[in-house]
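The values are calculated or read from the model by the stated rules, or taken from the named source; none is laboratory data. If you're wondering where the values come from, they're calculated on a predicted model, not measured in any experiment. FYI the Cβ positions are ideal-geometry reconstructions off the backbone, even for glycines, and counts take in every protein chain you see. Just the protein is used for accessible areas: all its heavy atoms, side chains included, with ligands, DNA and RNA removed. Shrake-Rupley method; radii C 1.70, N 1.55, O 1.52, S 1.80 Å.
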There are 2 protein chains.
Amino acid sequence: MNMAQKPSIPKGTRDFNAEAVAKRSYIIETTKEQFQLYGFQPIETPSFENSETLMGKYGDEGDRLIFKILNSGNFLFEKNTIELPESLNTLMLKSLDELSISEKIELNKFTDGISGKALRYDLTVPFARYVVQHQNDIVFPFKRYQIQPVWRADRPQKGRFREFYQCDADVVGSKSLFQEVEFVQLYDAVFNALKLDGVTIKINNRKILSGIAEVIGAQDKLIDFTVALDKLDKIGEEKVKEEMRSKGISEEGISKLQPLFSLKGDFGNQVKSLKSILSVSEIGLEGIKELEFINTAISNLKLKTATLQLDVTLARGLNYYTGAIFEVSAPEGVKMGSIGGGGRYDDLTSIFGKPDTSGVGISFGLDRIYLVLEELGLFPNTITDATKVLFINFGEKEALACLEAVTQLRQKGIKAELYPDAAKMKKQMTYANRRNIPYVVLVGKEELESKMFTLKTMETGTQEKLKLQDLLQALL
Amino acid sequence: MNMAQKPSIPKGTRDFNAEAVAKRSYIIETTKEQFQLYGFQPIETPSFENSETLMGKYGDEGDRLIFKILNSGNFLFEKNTIELPESLNTLMLKSLDELSISEKIELNKFTDGISGKALRYDLTVPFARYVVQHQNDIVFPFKRYQIQPVWRADRPQKGRFREFYQCDADVVGSKSLFQEVEFVQLYDAVFNALKLDGVTIKINNRKILSGIAEVIGAQDKLIDFTVALDKLDKIGEEKVKEEMRSKGISEEGISKLQPLFSLKGDFGNQVKSLKSILSVSEIGLEGIKELEFINTAISNLKLKTATLQLDVTLARGLNYYTGAIFEVSAPEGVKMGSIGGGGRYDDLTSIFGKPDTSGVGISFGLDRIYLVLEELGLFPNTITDATKVLFINFGEKEALACLEAVTQLRQKGIKAELYPDAAKMKKQMTYANRRNIPYVVLVGKEELESKMFTLKTMETGTQEKLKLQDLLQALL
């Protein structure tokens, strides 16, 4: 055994106590229930994947944020076939920015030699891997949900963790826009079930962004253009235009964008303006048609409490999405980034050898939803209800009689505990108080003889003597 | 994007499909419910801990099986302060057995430099760390349960995985034997709730083993002696004696053991024999007294379907347990190792600076319980019930009408799906069949006009035309 250590956990990770676990479970179980009503099925994948499954799927920055696991068994190496770069000592003293490309490759080779596995970075790539690996057992269209932790070596900061849960629902194997319609309904259903009224489901379409880029002659600058547009809310019209200019978008193009900056009003009005902007762009008009289909269906079906809103500045994960793009924002007045997002992607599984499999999916930001529910006081009180009754321990004989009663209460579904030691009354009552246990039962010598149970209500302090049957009834 | 890869997962890990997830959830939720009835509260700890929290806690073999995580950020290192051992190249080409102690230390230093975190190896050490770290927020006695995955770099084989769930319930902060009594009840309650009747809860006590070692003059050979005795079931009396002789236990001592080999009958009879063997051992008699207390209480309280059985050969985790030792075996006829185990430990948290905190706990072997329930056909059919009704898609107009009905069904809690594409009838029916969906609804042109829904029962093939209200009723 080691010397005593002052215990701590790695930065960016968290311990969850009973209350936090209960609240998190509430969100997860409520979401699961809706997923299942909508026909989604759960899957789970391993916490670590082979490195080659993950590497190169998230860009350079993503690769750097993937946690790699050392090979085990024969100490550092599973096979004794790794050669150290001669210059390793020198390389390792450099910072990443100082390394040349060939030096990076050399270091990467070394890392690959000592580490062949890596922790899951998101649920999407493992899902794509799953679909391809099990394609013969899967019935398509495949509607799956997955709620598991992911790990990122990001710099920890407020609200950003190195271990956190993702919660995704996706369908692969169908291009039908009914999926998008159902995902809007699903968002509404989940947030309604969580009593989180008034969320806004923002929707856009990659094809509209492509159309606009086409119209202003900036097809080759689609990313620059959308990254700038995405900031409209935050930095305002003038700064957005400035950024576009700096990226080489022409003044003429920017002036064609003018109607975009004043897009206002409901879905119909916005679409009307968009149609005039995009009248010459085939792909743009296709995007509009898709949006209209979704909006019409949702208008007919009606949402419970959410609002569907067109937002042409929405561009999240653009090099990924090919059709609809979703983002959910918390009710007005709650300062919080998006609490959900998603979209359609047409080529997810081709990286693993299965091309032409269209998919569409959404995710829920569990940690942020937790914070919003907490801020608005929306967690039901009952979810943190733990033990209902504590039997005070006055000694072995009394405790044995209590344990018989406790056993019967539990069989009736009542959460009951016996204090394990015949400790001082005050200590036992403090335990009940700090655990928020609403009732205690006292069985002293007198009760033992008369086979009665004194039930005390903690809040009021009132006591009554009951037979076992009546005690059961009182606590049910 | 990479070239197409043939996807696979690391050896010793598993993907779980919807059916497996549902069955695993059933076991976990059933167990949780009993934990809560008994007053246990959930906690969760991070998947990885600081290496120093885990290393040195599981013995040399355990240390080797801990998955270490490479530091991230500045490529290999978070701080640029690691120096490579000059001989690293040579060291790394040796197998572990070939390394000298000083070489091992050198390699360990290098590993510590590139890896400061490691994946959880069990739930016990993180729990001890949690208790010490949060001791000021915890109300003692602290009854906690924890159900999370752990990772071990073990050689994968049938039934042994590198990622698997552990499921533990422990109490720390009380030496009361009522805890042991309640844990026996809890085992019984969980297996009863899982309808797994006829399990045997074997119980022993470290103090009895110490007492026996004392009586036969082998106090210094306690581990050797118990390891040999533990094999009685497998290798028989003669081979056990042989092993004891080979470990240097005297012929006189072994002859004193003779009554042990013929211990038979119920708890009472076994205890009687033990008392005569241990009459001169204070600690041995103390162990017997503890066992008798537990057995008497359980006899009074009565178990539902499990049997409590004294087994003096039981020695699991001996250098760890200080009092009661538990192990649960599957019902007779099912070939399976233990499906649960636990015991009392008196000094768990002292490694983290909190001495004198007695604890006792049990664990459930979820993977093995899964296999047993599968073998005995004990999973309820309903748990894998997914979608109840599929609406066939005959085209956009029909589908929109269907989606309205689907929306209403879901609001009533009925799991319903619309097939997203107007694919060929055969394809849609195959989907329903392969997904085991028991009902389909057909809305063609005629139904659309008459606002009726044709409900088809898949098993019988019967069809009936219903109004929406009646459809709802039929499917509730």
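Placing a label point 7 Å from Cα along the Cα-to-Cβ axis, residue A:156 is separated from the same position in the other copies by 3.1 nm, shortest listed first. Can you list the residues, at least 5 places off or on another chain, whose amide H is less than 5 Å from the amide H of residue A:309, using H built in the peptide plane? Residues meeting the criterion, in which the H sits 1.01 Å from N, are A:201, A:202, A:203. For segment A:386-475, the solvent-accessible area of protein heavy atoms averages 51 Å² per residue (probe radius 1.4 Å; ligands and nucleic acids excluded).
Coordinate range of the alpha-carbon atoms in the protein assembly as shown per principal axis, descending: 101, 76, 55 Å. Among the DSSP helices (H) of chain B, those spanning at least 27 angstrom by Cα along their long axis with an average Kyte-Doolittle hydropathy of -0.5 or more are B:18-37, B:282-301; this is a geometric and hydropathy rule only.
In segment B:190-294, Cα pairs under 8 Å separated by at least six residues give a relative contact order of 37 percent. Among the listed pairs A:397/A:465; A:23/A:335; B:143/B:335; A:109/B:6; B:175/B:207, a Cα-Cα separation exceeding 24 Å is found for B:143/B:335.
Spacing of the modelled spin labels on residue B:231 and residue A:158, each 7 Å from Cα toward Cβ, amounts to 6.3 nm. Under the criterion of Cα pairs below 8 Å and six or more residues apart, the relative contact order for segment A:336-412 equals 21 percent. Where the alpha-carbon atoms of segment A:172-246 are placed on the principal axes, they occupy 46, 31, 16 Å, in descending order. Counting Cβ atoms of other protein chains within 10 Å of each Cβ in B:14-24 and taking the mean gives 5.
Rolled with a 1.4 Å probe across the full set of protein chains, the surface gives residue B:279 an accessible area near 70 Å².
Compactness ratio for segment B:304-369: Cα radius of gyration over 2.2 N^0.38 Å (N = residue count) comes to 1.30.
Which part of segment A:165-185 falls in the paramagnetic zone of residue B:396, meaning amide N under 20 Å from the point 7 Å along Cα-to-beta-carbon? Answer for segment A:165-185: A:174-185. The label point for residue B:109 and the one for residue A:98, both projected 7 Å from the Cα toward the Cβ, are 2.2 nm apart.
Based only on Cα atoms, what mean projected area does the convex hull of segment A:247-362 have, in nm²? Display every interim value, and only then the final one.
On the way: hull surface 39.9 nm².
Its Cα hull, projected and averaged over all orientations, spans 10.0 nm².
In this simple spin-label approximation, residue B:223 and residue B:424 carry label points 7 Å from Cα along the Cα→Cβ vector, and these lie 6.9 nm apart. Semi-axes of the equivalent ellipsoid of chain A are 52, 33, 21 Å, computed as sqrt(5λ) over the eigenvalues of the C-alpha gyration tensor in descending order. Translational diffusion of segment B:386-475 was estimated from the Stokes-Einstein equation, with Rh taken as the Kirkwood radius over Cα pairs; at 20 °C and 1.002 mPa s the coefficient is 168 µm²/s. Here the accessible area is traced with a 1.4 Å probe on the protein chains. For segment A:412-476, carbon and sulfur cover 49 percent of it. Under 16 Å of direct C-alpha separation, and excluding same-chain neighbours fewer than eight residues apart, residue A:239 reaches these lysines: A:231, A:247.
With a 10 Å cut-off around each Cβ of A:410-423, the average count of Cβ atoms from other chains is 5.
Could you compute how much accessible surface residue A:462 exposes when probed at 1.4 Å, giving the result in Å² to the nearest 10? Here the accessible area works out near 80 Å².
Interface of A with B. Using a 1.4 Å probe and counting protein heavy atoms only, the two chains hide about 10500 Å² of accessible surface, both sides summed.
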